[in-house]
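Notes follow the structure.
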Amino acid sequence: MSEIRKLTLGSRVIGVEFERKRIRNINVRVRRDGTLYCSIPYGVDINEAMRFIISKQDYLLKAIDDTVHEDRTRVRARQFVDGEIFDVFGKPFILKVESGAKNTCGAENGIITLTVKDVSDYRSKYMTFEKWRRNCIRSVIVDLCGEVYPLFAQKGVAPPKKITLGEYKSFWGECFSKRGELKFSYRLFEKDREIIRYVVIHEFAHFIEPNHSSRFWAIVGEYVPDYKALRKKLNNK
């Protein structure tokens with residue numbers, strides 16, 4: 001169970017979500033909205049974790065600024081006009097915007113067709129595209145989880161209780177083994193299916209081994225022998 005607290009870093013008050021996990025060290029990451037998420041080993045007091053965050057405040061405040069700025073820049077960079085290039089599951093697609101009676105979006109033969117009632121309405125184009133993008137990656141993630149789970153059922157892993165997707169900036173996937181939840185980033189929409197499958201297997205492996213130990217990587221390598229190459233591709237922009 002997580003706990004939300006407010007923490008003063010420099011002159012700013014930052015929201016921090018603390019959650020206990022089966023890990024060895026205190027881990028902190030910056031979320032897209034400028035808040036922090038801190039995972040704590042069992043047995044470590046939250047006050048100790050707060051002191052740890054404060055000791056890293058200069059680095060964390062810069063990371064918060066960089067994350068929020070990068071996200072705003074990315075959103076502004078998209079104009080949703082004819083000819084824009086979008087990566088769809090690892091392949092470049094050209095955007096075609098057209099007027100129609102209903103707001104819809106779809107992709108075929110290297111072309112994304114974005115149909116909206118008013119082609120000059122940026123918000124309408126953005127919302128229609130985002131709804132389609134999120135539905136696409138959600139469908140692929142759910143499909144891959146169903147494909148991968150039987151491999152881990154053989155190892156005694158229970159089916160995940162919850163699969164969540166979000167516009168997570170600081171991670172591609174995350175496993176909360178204690179509560180049986182998997183989280184994945186909508187940003188995987190831009191990656192090859194083979195890479196997405198690696199991320200899914202990576203997170204399922206955390207149900208068995210919470211840390212990135214040699215045992216963990218042996219489990220991943222059992223199902224993804226070339227995981228090192230895929231991990232490198234995943235993190236290349």
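The values are calculated or read from the model by the stated rules, or taken from the named source; none is laboratory data. None of the values given here were measured: they were computed from a predicted structure. These area figures cover heavy atoms from the full protein model, side chains too; ligands, DNA and RNA do not enter into them. Shrake-Rupley method; radii C 1.70, N 1.55, O 1.52, S 1.80 Å.
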Once the principal axes of the Cα atoms of the range 89-176 are found, what is the range along each, listed largest first in whole angstroms?
53, 25, 24
For the chain, alpha-carbon Rg relative to the globular expectation (2.2 N^0.38 Å, N residues):
1.14
As an exercise, take the mean of 1/r over every pair of distinct alpha carbons in the range 148-226, invert it, and state the Kirkwood radius in angstroms.
12.8
As a check on your grasp of the helix formula, calculate [θ] at 222 nm for the chain: sum -39500 (n - 2.57) over DSSP H runs of n ≥ 4, divide by the residue count, round to the nearest 500.
-13500 deg cm²/dmol
Per the Cauchy relation, a quarter of the hull surface: what is the mean projected area of the convex hull of the alpha carbons in the range 27-134, in nm²?
9.3
Leaving out ligands, DNA and RNA, what percent of the accessible area of the range 109-157 is carbon and sulfur, probe 1.4 Å?
52
Rounding to the nearest 10 and keeping the result within 0 to 90°, find how far the Cα-based axis of helix 193-205 lies from the longest principal axis of the chain.
20
Report, largest value first, the span of the C-alpha coordinates of the range 184-237 along each principal axis, in whole Å.
29, 20, 16
For Lys56, give me every one of the lysines with a C-alpha distance below 25 angstrom, ignoring sequence neighbours fewer than eight places off in its own chain.
Lys6, Lys21, Lys169
What's the angle, to the nearest 10 degrees (0 to 90), between helix 122-153's Cα axis and the longest principal axis of the chain?
50
Holding the Cα-Cα limit at 21 Å, pick out from Lys155/Lys191; Lys96/Lys131; Lys162/Lys228; Lys178/Lys232 the pairs that are longer than that.
Lys155/Lys191; Lys162/Lys228; Lys178/Lys232
Heavy-atom accessible area per residue - the range 35-189, 1.4 Å, Å²:
54
Contour minus Cα-Cα span, Lys155 to Val13, at 0.36 nm per residue, comes to 46.7 nm
